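Just so it is clear, none of the values below were taken in a lab; they were calculated from the coordinates. As the structure is a prediction and not an experimental result, all values here were calculated from the model. All Cβ positions, glycine included, derive from the backbone under ideal geometry; neighbour counts span all protein chains shown.
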Amino acid sequence: MQQERINRVCEEMKKDGISQLLVTDPMAIFYLTDKWLVPGERMYGLYLNVEGGRCLIINELFPVHEDLGMDILCYKDTDDSMALLAKRLLPGTLGVDKNMAAHFLLELMAQWKGQVVNGSLIVDRVRRCKDAEEIRRMRQVSLINDAVMEDLWGHVDEHTSEAELAKICEQLQIAHGCETVSFEAITAFGANCADPHHANDGTLGKPGDSVVLDIGGRKDSYCSDMTRTVFLGEASPKAREVYEIVKEANLRGIQAAKPGARFCDVDAAARDYITSKGYGPYFTHRTGHCIGLDCHEAGDVSGANEEVLKPGMCFSVEPGIYLPGEFGVRIEDLVLITEDGCEVLNHLSKDLKIIPLKR
């Protein structure tokens, strides 16, 4: 059990006036207990209350062999798990997270007459600020991602399709020490680069194509994520112009990332520069997202997020310009907020790179 993390969650519960909390997101439960489980359709939850109550609700098909330092409510498939849970709840208010299945929530509300509220933000706020061990792991997996990206450049050519390149990326992540990828890589050529979340297909690169490589791995449970855009054989004057604008927007976003600033300030620093160069309508997504155990964690770098940045927060800065029917450019780094600024976790060059044709 991660007692310090649970203590922080309980402090946040008190701030929000919530006396008890039911966590059902498996990754959040792992964060608080070190126990990983994919429960499928069965109820799985961690119950906490501010009086010190700790209970893991779990089906008997998933026996708990380790000492988690808490009560275990083990139920059978023939049991009414919500009735068993309802007997443990205190009067008052219960926070539940956004991952709780609606049918379980309705069953619980039918058997327990207290007030149910959205408690997702409680664990989200605690997870947002990484501790020392989390930071060590984020640095490590990001360095691996740098190495994978550099190796991947050697496989970019006019004979390897997007889908093949993504498969090579997955193999490289594992070869460099990751357990798996943190998401399926985006390996887009040419006009496909104008779709920020393009689904890789059999497209082959052509001379002059931009190549967007958005990749990430998972090691020791933590995720990496970065993007570099390179060019196959040559880059047109327009492509070079757009690339340098995106690169400067990335640098300005990073420069704005410091304690006391807000997520929206980072977004504005990148977005306003792109807008000033006439490409504002072609920057079609938020500037970034938080990251850690999940590749996309709660919290984003957008104009709507006025949350203040604090040391330990880790997120992406990934501006892009996407010109339909032509090409796209995105450059992404992960940053960690420090006491006096930010640390960039990716160190691979962002200078414009031309990949030679193999012919």
Surpassing 19 Å at the alpha-carbon level, of the pairs K247/K353; K35/K167; K206/K238; K15/K35; K206/K358; K219/K353, are K35/K167; K15/K35; K219/K353
Under 17 Å by backbone N from the virtual spin label 7 Å along Cα-to-Cβ at E307, the residues of the range 25-55 are 25, 27-29, 31-32
Whole-Å distance linking the alpha carbon centroid of the range 274-328 with that of the range 104-122 is 33
Mean projected area, convex hull of alpha-carbon positions in the range 161-203, reported to one decimal in nm², is 2.9
Looks like the range 234-312, by Cα gyration tensor root eigenvalues a ≥ b ≥ c and the a/c under 1.5 rounded cutoff (else prolate when a/b is bigger than b/c, oblate otherwise), is prolate
For the range 129-355, Rg(Cα) over 2.2 N^0.38 Å is 0.95
Among beta bridges assigned by DSSP with both residues in the chain, the antiparallel ones amount in percent, to the nearest 5, to 75
The set of cysteines in the chain having no other cysteine's C-beta under 4.7 Å reads C10, C55, C74, C129, C169, C178, C193, C264, C290, C314, C342
One finds, for K98 and S276 with R0 = 45 angstrom and r their Cβ-Cβ distance, a FRET efficiency to the nearest 0.05 of 0.75
Distribution output for the range 3-127: share of Cα-Cα pairs per 5 Å bin in percent, first bin at 0, values 2, 11, 24, 26, 21, 12, 3, 0
At the level of C-alpha centres, the distance separating the range 31-88 and the range 207-228, in angstrom, is 36
Charge dipole of the range 129-355 built from unit charges on the beta carbon (Lys, Arg +1; Asp, Glu -1), centred at mean Cα; most positive-end Cα among G303, V141, C169 is G303
Computed for the chain: size of charge dipole around the Cα centre, +1 on C-beta of each Lys and Arg, -1 on C-beta of each Asp and Glu, debye to nearest 20, value 520
Going residue by residue through the range 22-33, the Karplus relation 6.51 cos²θ - 1.76 cosθ + 1.60 with θ = phi - 60° gives ³J(HN,Hα) values, rounded to whole Hz and with x marking Gly or Pro, of 10, 9, 10, 6, x, 6, 5, 5, 4, 4, 8, 10
With +1 on the Cβ of every Lys and Arg and -1 on the Cβ of every Asp and Glu, the dipole magnitude of the range 35-119 about its Cα centre, in debye rounded to the nearest 20, is 240
